Amino acid sequence: MTNILLLEDDLIYSGYLINLLCQRLPYIIVRHAQTVQEAKNLVQTESFDLLVLDVDLSNSKNRFIGHIENGIDFAEYFRKLPGNAFTWIVFVSAHTSFLSESFSRSHCYDYIIKPIEPNSFIGLIENLLTYKVFPISEKKYLSINRRNYLLRIKASDIDFIEIYGKQSTVYTKDIQHVISRFPLKEIFKQLPTENFIQCHRSYIVNKDKISNIFLEGTCWFLRLHNRSEVIPVGKSYTNVILNRQYDLIGGDNEF
């Protein structure tokens with residue numbers, strides 16, 4: 001399941017957002033906090049894929065002497081916690097005056113003015129959950145969220161990825177995962193660049209799985225360990241592949 005944290009002090013509006021999100025995106029779990037302190041307690045014990053935050057929380061019990069903590073304060077706190085530097089944050093507020101501050105302090109993705117337009121809001125949330133961003137050290141899985149399923153594939157298990165038309169196919173040792181409407185460039189963003197390389201506009205390969213680079217006619221190809229498929233090398237990628245042959249296969253081949 002996918003976890004979303006909603007920080008909203010208006011109980012009526014938070015109920016509306018929770019119902020909207022859960023009805024339209026049934027694969028998610030929404031955890032609600034009415035105050036900044038409640039939100040802090042949640043992120044100390046749970047991990048979240050996306051945050052939806054109100055800015056002005058002055059109607060809640062979220063006060064201490066001399067200052068009222070708002071959604072931007074919480075976002076700034078959240079960013080400093082380990083592993084949260086790349087988590088999506090979306091602000092939903094009735095005030096435009098906080099817009100610049102929200103981006104500069106929390107590096108949020110979007111700032112939506114209330115009242116929201118339901119279809120646009122759900123479309124934004126669905127897109128963000130589909131295209132997650134990971135720091136290199138955390139790119140251990142390829143994650144694909146869709147309306148009716150969540151797919152996670154361990155990066156080290158992937159042999160290569162092929163795109164044909166509007167379908168991408170992820171090849172592992174034992175199975176092929178066919179994914180519709182998931183561009184190769186978006187897949188590549190989730191993979192550790194130290195382990196994967198693009199050799200063609202339609203192919204990404206796991207460098208650890210390459211066994212041989214060979215020339216046939218005027219075209220270069222790759223062979224992978226324990227696979228019968230031959231992977232083409234695009235003309236615009238040839239120099240990159242050949243210049244890195246020692247890195248890719250140890251330089252044992254003769255060209």
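The values are calculated or read from the model by the stated rules, or taken from the named source; none is laboratory data. This is a predicted model, so every value here is computed, not measured. Positions of Cβ are backbone-derived with ideal geometry, glycine not excepted, and every protein chain shown enters the neighbour counts.
Points to keep in mind about this one:
- Test: residue in region 162-179 that is hydrophobic (A, V, I, L, M, F, W, C), surrounded by 13 or more Cβ atoms within 10 Å (Cβ to Cβ) and modelled with pLDDT of 90 or more: yes
- Test: Leu6 is outside any loop (DSSP other than H, G, I, E, B) and surrounded by 14 or more Cβ atoms within 10 Å (Cβ to Cβ): yes
- Number of the exception - Asp208 against (1) within 14 Å of Tyr141 (Cβ to Cβ); (2) not in a strand (DSSP E or B): (1)
- Residues (more than 15 Å from Thr172 (Cβ to Cβ) and either part of a loop (DSSP other than H, G, I, E, B) or in contact with a Lys or Arg (Cβ under 6 Å, 6 or more places away or on another chain) (or both)) located in region 217-227: Gly217, Thr218
- Some residue of region 99-120 being of a type outside the set (D, E, K, R), modelled with pLDDT of 85 or more and in contact with a Gly (Cβ under 9 Å, 6 or more places away or on another chain): yes
- Tally of residues being under 17 Å from Glu117 (Cα atoms) and either modelled with pLDDT of 95 or more or in contact with a Gly (Cβ under 8 Å, 6 or more places away or on another chain) (or both) across region 24-55: 3
- Test for Ser97: is it crowded, with 18+ Cβ neighbours inside 10 Å, over 18 Å from the mean Cα position of the chain (by Cα) and among the hydroxyl-bearing types (Ser, Thr, Tyr): no
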